[in-house]
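These notes concern the structure reproduced below.
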Amino acid sequence: MGLDAWVHCDCFERGRLKTPPPEEIWPNLEPDGGLTFETSNDELWWRFETWRREEACEHPQMKLVDHRLGNIGLIALIRDQLWERQSEFPVLFGKVIYNGCHAGDFLGVEWLGDLEAEVDRLGTFSIKKTRVTRWMQSWWPAFGKWRTWKLPSERNRIFLVEFQSQMKELIAAAKSVGKPICF
Ligand SMILES: [Zn+2]
């Protein structure tokens, strides 16, 4: 279990399909920006799914960007790190990391601007360190940052940097097609 996030491509709306939908299949565009197909016929539904996932366009599963943001533990770690400054990250807390395994919801385009500002702010965020670590690093900056072994605070920092870069990619993709970020 964990938190996955992606942005659907707009190849269907723009007529940039590699393969048109199979006969008898009329996809619907959903508010999350993805395609669905309503049918009680299992075989037709599978044909739609196969088309959508593998044949429709150049994007795997018709997704522009698809990221695993982290497992439950890593998302909890971000929440913990940012907890005391929650008020500075309302969209991140309210819509992205409110728990580590939400799925089936999405963050609408109207939130992208605020989210982007919050994600930029993550870059200035310093990870909590123990007093000993702060003291050690004050005279030996590389302390605990070795390739083979890293302090927990250093591992947390690396994870936060990775999270920030994935969020940036998701936001850029969402803005480029005017579609939500889905979870
Ligand atoms: Zn596509």
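Nothing in this text is a laboratory measurement; each read-out follows from the coordinates by a stated rule. Quick caveat: nothing in here was measured; it's all calculated off a predicted structure. No Cβ is skipped: glycine too gets one built from the backbone with ideal geometry, and neighbour counts run over all protein chains shown.
What to note about this one:
- The orientation-averaged projected area of the convex hull spanned by the Cα atoms of the stretch 1-96 comes to 7.9 nm².
- Calculated diffusion of the chain, Stokes-Einstein form, Kirkwood radius summed over Cα pairs, 37 °C and 0.692 mPa s, µm²/s: 177 µm²/s
- For a straight C-alpha distance cut-off of 17 angstrom, the aspartates and glutamates reachable from Lys129 (same-chain residues fewer than eight places away being disregarded) are Asp80, Glu84, Glu154.
- Its DSSP H runs of at least 4 residues, each contributing -39,500 (n - 2.57), put the calculated 222 nm mean residue ellipticity of the chain at -12000 deg cm²/dmol, to the nearest 500.
- Built amide H within the under 5 Å cut-off of Cys9, gap 5+: Lys63, Leu64
- Karplus 3J(HN,Hα) series, Hz, for the stretch 126-132 with 6.51 cos²θ - 1.76 cosθ + 1.60 (x for Gly, Pro): 9, 5, 5, 10, 6, 5, 4
- Rounded to the nearest whole Hz, the Karplus-based 3J(HN,Hα) values (6.51 cos²θ - 1.76 cosθ + 1.60, θ = phi - 60°) of the stretch 12-21 follow the sequence 5, 5, 8, x, 9, 7, 7, 10, x, x, with x at glycine and proline.
- Relative contact order (percent, whole number), the stretch 79-183, Cα cutoff 8 Å, 6+ residue spacing: 39 percent
- His59, His8 arranged by Cβ crowding within 10 Å, fewest neighbours leading: His59, His8
- Along each principal axis, Cα extent of the stretch 79-120, largest first, Å: 27, 24, 13
- Dipole of the chain computed with +1 at Lys/Arg Cβ and -1 at Asp/Glu Cβ about the Cα centre; of Gly144, Phe106, Ala173, farthest Cα towards the positive end is Gly144.
- Remark: the stretch 108-117, residue by residue, has Karplus-estimated 3J(HN,Hα) of x, 4, 5, 9, 4, x, 5, 4, 4, 4 Hz, where x stands for each Gly or Pro and the curve is 6.51 cos²θ - 1.76 cosθ + 1.60 at θ = phi - 60°.
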